[in-house]
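Asker: After the structure tokens below, expect a handful of questions from me.
The values are calculated or read from the model by the stated rules, or taken from the named source; none is laboratory data. Source: prediction; values computed, not measured. So basically every Cβ, Gly included, is an ideal-geometry build from the backbone, and we count neighbours across all protein chains shown.
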Amino acid sequence: MRFFLCFIFLLAQLHSIGQGYLKVNGQYVENKNGAILLKGIGLGGWMLQEPYMLQLGNIVKAQYDLKNKITELVGKKTMEKFYDTWLSNQCTKADIDSIASWGFNSIRLPLHYNLFTLPIEKESVPGKNTWLKKGFQLTDSILSWCKANHLYLILDLHAAPGGQGNDAPIADRDFSKPSLWDDAKNKQKTIALWKKIATRYANEEWIGGYDILNEPNWGFEDAKDLHGINEKLNTPLKKLLIDISSAIRQVDKNHIIIIEGNGWGNNYNGIFPLWDNNMIISFHKYWNFNDNASIQTFLDYRQQYNVPIWLGETGENSNAWFTSMVQLCEKNLIGWCMWPLKKSGINNPMQVKINKGFEQIINYWSGKGKKPSKGQATEGLLQFAKNTKAENNIIQRDVVDAIIRQGKSETALPFSKNIITSHSIVYAVNYDLGRSSIAYSDKDSADYWVSTSTKTTWNAGGQYRNDGVDIKTCTDSITNGYNVAWINPGEWLQYTLYFENECRYDINFRYATNEKQGEIQLMINNKLYSNKYILPITKNKNSWKTTAITDLQFNKGWNTLKVIANKGGYQFNYMQFIPVNN
């Protein structure tokens, strides 16, 4: 018994030790167990709010501007209470537990410098660095949750002192103050901050690395090249990256250093050769084709300079795009990191709900509504901050499935239980989980505007799910809140259904159309039925009717039912299954 207890204790000790520091070995990353492919997600919106994440993209310039507007509305004390509530709720252990349970193995944590140190203009002594506890405490907490879940935590300086580019929201840059590149004190503070961070976490194995400057975007040679896309030398950027690296290596020789190029991370002109043998080059990828051509520059860098490459930030697209992105990366043995975990939108694993009080504030700021009272605004703000907590979020299971499972599986899975008994209703929006062309087919399934110069909306209604299927809020009397709309000819939806016995059913097909007559055809268990069912024009687009589809045969167990639009233009709410009396 004593031996058994000692053995269990040893296992526990080994478990707590972890898998060892991440290290660079040639072109790849490994820990003590061998090569590892990072599959991560970024915690955007927690320490640093980008306005679009709060549905404020056209209303405020950056987080500092949001703080000012909140202060004007409710006063400084309530503004500070809002941010305390936000930081306490937006990322908790439940979020990290969820990330691990879904199958990710790493997290990228965007840091805002102002949670760790004062801005240079607030230092009582020029050049002094006053250290604040809040940022370190928050980072300590998330590191402890990552350790418990065996997740690597990558620290990312997302907002550097002064701001590292002309894209204000991503770095909370206030253009009335000197940027990172305009004032040597901002550079010195950035270097000192990284040394302070590295000193604190030098011996933490579950720190995966230091992403030392997120998305620099600055025209050093040509001020008109606002975001440094065409910069040829990048001399000030390289010098700062080297200076930060040197400061880190004075106190920490364990952790990987991750660098990003100019032009939002992708312009590496002048950056090579590298100066550290435990370094990764990161690139970011948005809204372009998922083919080798889209990443060839970085594949060439990996080969030429014998250095790992990492897709450190990507996302903000459809499920179909996510799946093909993961397939592209993993085919080329590239680690990836999605962005972000949560926001007030559907194309991320967790959706933060907009409460009526915060919506009233948005409407007031955008000139579409009256000013709320101080009490109303306070309540609306604090409720929204509480809505960011994991248990109050909507879990977008389709997004998680697209990222984690669909790249490896062509199988469709039921989105809901779909156990069919007498008069069961299957809502149109609960079509199967799975890839485009396997669980559904839609004309527009992703946005490739960087490659095509044309922006495409994949889900025209922006509701409920993140596939190409167009979904809007539903006006029918019987509803789960949403229906499929903007249906085009040739599009289809598949439903996996369970029947306890072999049986025949009629289907009441619920629809509305005032544009033109619709027409559908059904496929059951891969057999196309020749019957074509007409959906006559209804009084208006919110006038719902039922068309009966009679005498359909289903097998015992699982069946697939595909609803094919021969003619589009209709809205689709649900199917109700009525057993046929023999």
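Asker: Tally time: how many residues in region 426-450 are in a helix (DSSP H, G or I) and under 21 Å from the mean Cα position of the chain (by Cα)?
Answerer: Residues flagged as in a helix (DSSP H, G or I) and under 21 Å from the mean Cα position of the chain (by Cα) within region 426-450 amount to 2.
Asker: Sticking with this structure for a sec: Could you check region 26-75 and list, in sequence order, the residues that are touching a Cys at 6+ places or on another chain (Cβ under 9 Å), outside any strand (DSSP E or B) and surrounded by fewer than 21 Cβ atoms within 10 Å (Cβ to Cβ)?
Answerer: Passing the criteria: only Leu37.
Asker: Quick check on my filter: what residues within region 222-251 are surrounded by 14 or more Cβ atoms within 10 Å (Cβ to Cβ), out of contact with any strand residue (DSSP E or B) (no Cβ under 8 Å at 6 or more places or on another chain) and of a type in the set (Asp, Glu)?
Answerer: Asp225, Asp243, listed by residue number.
Asker: Of the residues Ile419, Ile425, which single one is of a type in the set (A, V, I, L, M), surrounded by 14 or more Cβ atoms within 10 Å (Cβ to Cβ) and farther than 30 Å from Ile107 by Cα?
Answerer: The unique qualifying residue is Ile425.
Asker: Looking at the structure I just gave you, is Ile120 in the same structural domain as Leu213 (by TED's automatic domain parsing), β-branched (Val, Ile, Thr) and touching a strand residue (DSSP E or B) at 6+ places or on another chain (Cβ under 9 Å)?
Answerer: Taking the combined requirement at face value, the residue does not satisfy it.
Asker: Please determine, by comparing only the residues of region 259-268 that are without any contact (Cβ under 8 Å) to a residue 60 or more places away in the chain and not acidic (Asp, Glu), which one is surrounded by the most Cβ atoms within 10 Å (Cβ to Cβ).
Answerer: Asn262
Asker: Can I ask one more? Checking Asn559 against (1) more than 27 Å from Ser477 (Cα to Cα); (2) free of Cβ contacts under 8 Å to residues at least 60 places away in the same chain; (3) surrounded by 14 or more Cβ atoms within 10 Å (Cβ to Cβ): exactly one of these is not met. Which one?
Answerer: Every listed condition holds for Asn559 apart from (2).
Asker: Condition (residue is within 30 Å of Trp86 (Cβ to Cβ), modelled with pLDDT of 95 or more and touching a Cys at 6+ places or on another chain (Cβ under 9 Å)) applied to region 294-305: is it met by at least one residue?
Answerer: no
Asker: Continuing with the same structure: Please go through region 77-131 and pick out each residue that is surrounded by 15 or more Cβ atoms within 10 Å (Cβ to Cβ), in contact with a helix residue (DSSP H, G or I) (Cβ under 7 Å, 6 or more places away or on another chain) and either among the aromatic types (Phe, Trp, Tyr) or outside any helix (DSSP H, G or I) (or both).
Answerer: Result: Phe82, Trp86, Cys91, Thr92, Trp102, Ile107, Leu109, Leu111, Tyr113, Phe116, Thr117, Asn129.
Asker: Could you run through region 516-542 and say how many residues are part of a loop (DSSP other than H, G, I, E, B), within 21 Å of Asn488 (Cβ to Cβ) and more than 36 Å from the chain's Cα centre (by Cα)?
Answerer: Residues meeting the conditions: 6.
Asker: Checking Asn319 against (1) more than 20 Å from the chain's Cα centre (by Cα); (2) over 30 Å from Ala202 (Cβ atoms); (3) among the polar types (S, T, N, Q), which single condition isn't satisfied?
Answerer: Single failed check for Asn319: (1).
Asker: I would also like to ask the following. For a quick check of your reading of the model, give me the residue pairs whose first member lies in region 210-226 and is in contact (Cβ under 8 Å) with a residue 60 or more places away in the chain, whose second is assigned to a loop (DSSP other than H, G, I, E, B) and not hydroxyl-bearing (Ser, Thr, Tyr), with beta-carbon atoms closer than 6 Å and at least 6 apart or on different chains.
Answerer: Qualifying pairs under 6 Å: Leu226/Asn166; Leu226/Gly219.
Asker: Is there a residue being in contact with a Gly (Cβ under 7 Å, 6 or more places away or on another chain) and either assigned to a strand (DSSP E or B) or among the basic types (Lys, Arg) (or both) anywhere in region 554-563?
Answerer: No; the residues of region 554-563 include none that is in contact with a Gly (Cβ under 7 Å, 6 or more places away or on another chain) and either assigned to a strand (DSSP E or B) or among the basic types (Lys, Arg) (or both).
Asker: Considering only region 143-158, state which residues are touching a residue at least 60 places away in the same chain (Cβ under 8 Å) and crowded, with 19+ Cβ neighbours inside 10 Å.
Answerer: Leu143, Cys146, Tyr152, Ile154, Asp156, His158
Asker: Let me ask something additional. Inside region 82-123, can you point out the residues that are closer than 29 Å to Leu180 by Cβ and of a type in the set (Val, Ile, Thr)?
Answerer: Ile107, Thr117, Ile120, listed by residue number.
Asker: Mind telling me which of the residues Ile244, Ile281, Ile256, Ile271 ends up being touching a residue at least 60 places away in the same chain (Cβ under 8 Å) and under 30 Å from the mean Cα position of the chain (by Cα)?
Answerer: The unique qualifying residue is Ile256.
Asker: Scanning for something in the same structural domain as Gly569 (by TED's automatic domain parsing), surrounded by fewer than 15 Cβ atoms within 10 Å (Cβ to Cβ) and β-branched (Val, Ile, Thr), does region 531-541 turn up at least one residue?
Answerer: yes
Asker: Answer yes or no: is there a residue in region 459-469 that is in contact with a helix residue (DSSP H, G or I) (Cβ under 9 Å, 6 or more places away or on another chain) and free of Cβ contacts under 8 Å to residues at least 40 places away in the same chain.
Answerer: Checked region 459-469: no residue is in contact with a helix residue (DSSP H, G or I) (Cβ under 9 Å, 6 or more places away or on another chain) and free of Cβ contacts under 8 Å to residues at least 40 places away in the same chain.
Asker: Then there's this: Does region 442-453 include one or more residues that are in contact (Cβ under 8 Å) with a residue 24 or more places away in the chain and closer than 23 Å to Phe509 by Cα?
Answerer: Within region 442-453, one or more residues are in contact (Cβ under 8 Å) with a residue 24 or more places away in the chain and closer than 23 Å to Phe509 by Cα.
Asker: Only one of these is at positive phi, surrounded by 14 or more Cβ atoms within 10 Å (Cβ to Cβ) and touching a residue at least 24 places away in the same chain (Cβ under 8 Å): Trp486, Trp544, Trp492. Name it.
Answerer: Trp486 is the lone residue from the list that is at positive phi, surrounded by 14 or more Cβ atoms within 10 Å (Cβ to Cβ) and touching a residue at least 24 places away in the same chain (Cβ under 8 Å).
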